[in-house]
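Step one of this worksheet: look at the structure below.
The values are calculated or read from the model by the stated rules, or taken from the named source; none is laboratory data. This structure is a prediction, so every number in the text was calculated from the model and none was measured. Don't worry about glycine lacking a Cβ; one is built from the backbone with ideal geometry, like all the others, and counts go over all protein chains shown. Ligands, DNA and RNA are stripped out before the accessible areas are found, and what is left, the full protein with its side chains, is counted by its heavy atoms. Shrake-Rupley method; radii C 1.70, N 1.55, O 1.52, S 1.80 Å.
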Amino acid sequence: MAGLAAVGMAAGVLVAGIAFPAVGGAGYGFVAAANEVDLKPADLAEPPPAEVTIVRDARGGEIARFYEEYRQVVDFDEIAEVMKSAIVAIEDFRFYEHGAIDVEGTLRAFARNLQAGKVSQGGSSITQQYVKQVLLNSAGTDQERDAALEASYARKLKELRYAMGLEEKYTKDQILAKYLNIAYFGAGAYGVEAAARRFFGVRAADLTLPQAATLAGAVQDPNATDPNLGAEHRERLRERRDVVLNRMAELGEITTAEAAEAKASKLGYKGTKLPGGCESSKYPYFCLYVRQEILRNPAFGRTSKARLDMLNRGGLTISTTIDPAMQTAADQAIKAYVHASDDPVAAEALVQPGTGAIKAMAASRPYGGSAARDEIAYNVVADAAHGGATGFQAGSTFKTFTLLTALSEGMEVDDGLEAGAGYRAPGYATFKNCAGQNVGDPSHTVTNDEGSPGWKTLRTGTWDSVNTFFMELEQRAGLCDTVTTAKSLGIHRSDGKRLQEYETFVLGVNEMDPVTVATAYAAIGARGRYCAPMAITRITDRDGRTTRYRPECGKALDPEVADAAAEVLSGVFTKGTMSGVGGIGRDAAGKTGTTDDYAAAWFAGFTPDLAAAVSLGDPRGAQQHKLRGVAIGGRYYGAVQGATIPGPIWKNTMTTALERVPPTPFPPMNPARFAGCTTHCHQSPPSNTAKDPTPDDARTDTTGDTTDDAPTIEANDDPEPGPDTGPDSAE
């Protein structure tokens with residue numbers, strides 16, 4: 001009741017003070033404003049202030065922060081007592097004695113304002129200052145912001161009504177905590193906790209007397225005393241600190257000796273770097289992926305602005321799938337083969353079969369927005385929807401989708417066909433895309449470069465990665481069926497455009513990103529269960545409400561088809577293009593990928609526990625800057641294929657990443673369904689097989705991307721050697 005009486009008395013005195021000097025000029029304006037404003041308590045809408053969103057890894061470690069205003073809201077008892085004393089002493093020393101209005105301060109300010117003919121002095125209580133900050137922070141337009149800062153009696157009276165309402169609603173301690181959490185202290189720090197960390201590298205609970213006095217002095221004019229802006233600003237801040245200390249001594253909050261000792265201390269500004277943003281994250285590419293997951297999801301806001309506000313102002317805690325140990329394994333494996341200063345960039349994604357959880361995203365260059373040669377300004381590991389770009393043609397990693405299609409249509413692993421030295425479509429109607437259009441071009445010849453014609457089975461054709469074999473196989477399995485298989489495994493172009501459904505689809509003419517390819521291969525490791533890439537496991541809002549996210553999965557392949565494909569692809573390590581590199585000491589399967597004329601190189605593979613895909617290409621333009629005659633990782637390569645660098649990176653990553661994971665064997669292939677030859681085992685080569693192939697004449701546009709009517713075609717992936725051991729030894 002005493003508080004309400006104080007409010008009433010203050011309002012009465014204020015009205016008397018308003019009416020008395022009403023003799024024209026400023027006094028007349030004051031009376032007009034008072035008549036328009038009913039001096040009764042009003043309810044202030046208090047949208048929560050912008051707060052930092054924290055992103056955590058799978059073990060709970062912090063990996064990034066997003067914010068518009070760097071702020072961490074803390075409770076009243078998490079703020080040092082000396083900080084509370086300092087801010088009250090300098091801003092509103094009768095705060096705990098008066099109601100919404102400091103009568104003495106208000107009348108003194110009004111008298112000076114009337115004399116000046118304008119609002120020149122505030123005289124505001126801490127409660128009124130809090131009201132002003134709330135109105136300022138909730139302003140959605142420039143007009144609303146200007147109104148919150150307007151130097152007018154109407155604005156002051158409006159603030160007073162809100163302040164009266166707050167004094168009825170909250171205790172003094174609650175109001176003081178709210179003010180300390182919303183105030184701006186300079187140097188990009190909003191709220192006392194952020195300011196304590198930014199200025200001195202401590203928590204608000206641990207502030208010392210000189211530190212507290214410094215922060216209390218900063219709130220009056222945080223831009224003029226911003227210590228981050230140079231020596232002159234720091235000197236002004238030091239002077240303000242001493243003013244606060246003198247006031248605290250004058251009020252008896254500290255002794256004169258304590259004030260003198262504090263004034264003799266150095267300012268002590270540390271300028272602790274504000275955490276946040278993907279550039280400063282330990283895992284920048286994964287950070288970018290998470291950021292885009294929020295910004296693209298309507299669940300976090302109906303508009304893009306609403307979603308951005310939620311991310312930067314919402315105070316969320318985002319728990320993710322990334323595994324620090326697996327991330328380190330990928331980082332170290334890439335670093336061993338590709339340097340940040342190299343022109344080509346290596347990128348790798350690790351995905352968990354059965355959940356789609358992204359366990360690591362790594363690249364040879366750090367992410368950054370500068371023009372530095374050893375940085376890259378986009379997400380080279382992901383697609384354009386997650387901050388990436390065009391990606392690189394995936395090469396022979398796409399042969400796996402034709403293998404899966406052939407197996408699902410009844411072929412057995414030892415079924416085969418005669419592969420020629422070159423392949424030409426028998427006619428324009430040989431291949432049809434999924435729109436039913438003819439796309440076969442009988443004037444174009446696909447070759448094996450060095451050539452390996454002859455009888456090939458699904459096993460041997462895959463192990464040796466024979467182009468002409470897979471062209472024949474895709475002709476039999478069907479182009480659209482192959483495309484459908486790939487799409488069921490989440491395959492889409494990195495740039496977001498429609499897949500190019502040409503006969504050379506099997507040779508990997510579409511540009512891909514490692515996350516997409518790794519996720520597709522993970523589905524084979526999960527026996528045909530495809531799970532969309534998953535980065536976020538749960539989100540806790542500022543009020544402690546938690547939303548959990550589950551994998552989005554579905555059956556893409558017959559489990560027995562996936563088992564048979566794993567059986568075939570496991571031979572790539574022992575009898576195929578990765579035999580020079582070797583396996584990882586447990587069941588594993590995969591496929592090398594090299595694009596036409598060595599424009600890019602890939603390796604994608606999986607175990608039942610983890611899948612990964614590695615790409616290597618030049619971001620300046622893979623078609624113009626091929627992987628021929630290049631120095632990478634301090635070594636010279638005559639030509640780079642899938643097993644030359646991507647394969648070893650994959651092997652080293654998986655070996656280390658799975659060190660503490662018990663090995664899970666592949667389920668055995670069903671021999672009754674997939675073993676042995678059919679009656680078509682020894683079929684003669686089709687008459688369309690070219691006997692005297694001409695050189696590959698795939699056309700590309702000047703940007704390095706394939707043209708819509710003639711995609712770049714892989715010319716050689718047979719066989720791929722192990723790591724380069726000397727100058728120009730790869731080819």
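Per-residue Karplus couplings for segment 558-567, computed as 6.51 cos²θ - 1.76 cosθ + 1.60 with θ equal to phi - 60°, are listed in order as 4, x, 5, 5, 4, 4, 5, 5, 4, 4 Hz, Gly and Pro entered as x. Taking every protein chain into account, the accessible area of segment 186-300 amounts to 45 square angstrom per residue (probe 1.4 Å). The accessible surface of segment 152-230, taken with every protein chain in place and a 1.4 Å probe, is 44 percent carbon and sulfur. Couplings for segment 375-387, taken from phi via the Karplus curve 6.51 cos²θ - 1.76 cosθ + 1.60 with θ = phi - 60°, read 10, 9, 9, 9, 7, 5, 8, 10, 7, 4, 5, 10, x Hz in order; Gly and Pro are left as x.
The value of relative contact order for segment 463-610, using C-alpha pairs under 8 Å at least six residues apart, is 22 percent.
Taking 18 Å as the cut-off for C-alpha to C-alpha distance, list the pairs among Lys282/Lys359; Lys84/Lys178; Lys84/Lys273 that go past it. Correct reply: Lys84/Lys273. Between segment 624-652 and segment 262-340, what is the C-alpha centre distance in whole Å? Taking the Cα centre of segment 262-340 as reference, the centre of segment 624-652 is 31 Å away. Annotation: amide H-H contacts under 5 Å for Thr537 (H modelled 1.01 Å from N, sequence separation of 5 or more, or interchain): Ser319, Thr320, Thr321.
Net charge around Tyr289, counting only other residues with Cβ within less than 11 Å of its Cβ (Lys, Arg = +1; Asp, Glu = -1)? Write out the running numbers ahead of the final one.
Working: positive: Arg291, Arg296; negative: Glu293, Asp383, Asp513.
Cβ neighbours under 11 Å give a net charge of -1.
Each Cα pair under 8 Å and six or more residues apart adds its separation to the average, and for segment 455-549 the resulting relative contact order is 20 percent.
Around Asp587, under 12 Å between beta carbons, what's the net of Lys plus Arg minus Asp minus Glu among the other residues? Can you show the working numbers first?
On the way: positive: Arg586; negative: Asp563, Glu567, Asp609.
That sum, taken over residues with Cβ under 12 Å, equals -2.
In segment 435-551, what percent of the accessible surface is made up of carbon and sulfur (1.4 Å probe, ligands and nucleic acids excluded)?
Values: 1810 of 4130 Å².
C and S atoms contribute 44 percent here.
Ligands, DNA and RNA left out, the accessible area of segment 293-419 computed with a 1.4 Å probe is 50% carbon and sulfur.
Given a 1.4 Å probe and heavy atoms of the protein chains only, how would you sort Lys626, Lys273, Lys266, largest accessible area at the top? Provide the component values of the computation, followed by the final result.
Numbers: Lys626 55, Lys273 155, Lys266 180 Å².
Ranked list, largest accessible area first: Lys266, Lys273, Lys626.
Close amide H contacts of Val630 (hydrogens built in the peptide plane, cut-off under 5 Å, sequence separation of 5 or more or a different chain): Tyr637.
Taken one residue at a time, the phi angles of segment 414-427 give Karplus couplings (6.51, -1.76, 1.60, θ = phi - 60°) of 9, 5, x, 7, 8, 9, x, 6, x, 10, 10, 4, x, x Hz. Gly and Pro are set to x. Packing order of peptides 228-241, 59-72, highest average first: 59-72, 228-241 (average count of other Cβ atoms within 10 Å over each peptide's residues). By the rule of a C-alpha distance below 19 Å, with chain neighbours fewer than 8 residues away ignored, the lysines paired with Lys399 are Lys432, Lys456, Lys487, Lys575, Lys591.
Surface exposure of segment 312-455, expressed per residue as accessible area with a 1.4 Å probe, stands at 31 Å².
Evaluate the charge dipole of segment 185-320 about its Cα centre and quote only its size in Debye, nearest 20, assuming +1 on the Cβ of each Lys and Arg and -1 on the Cβ of each Asp and Glu. Write down the numbers at each step before the final one.
Details: 20 positive and 15 negative charges, 145 e Å.
Around 700 debye, computed over segment 185-320.
For segment 343-394, the relative contact order works out to 23 percent when only alpha carbon pairs closer than 8 Å and six or more residues apart are counted.
Residues His339, His386, sorted by accessible area with the largest first, give His339, His386 [1.4 Å probe; ligands and nucleic acids excluded].
When you count the other C-beta atoms within 10 angstrom of each residue and take the mean per peptide, 543-552, 475-484, 347-356 line up highest first as 347-356, 475-484, 543-552.
Ser265 contributes about 40 Å² of solvent-accessible surface, heavy atoms of the protein only, 1.4 Å probe.
Annotation: amide H-H contacts under 5 Å for Gln72 (H modelled 1.01 Å from N, sequence separation of 5 or more, or interchain): Glu193, Ala194. A dipole drawn for segment 497-544 from +1 and -1 charges on Cβ atoms has a positive end, and of Asn510, Ala526, Gly544 the residue lying farthest that way is Gly544. Computed over protein heavy atoms with a 1.4 Å probe, the accessible surface of segment 556-631 works out to 25 Å² per residue.
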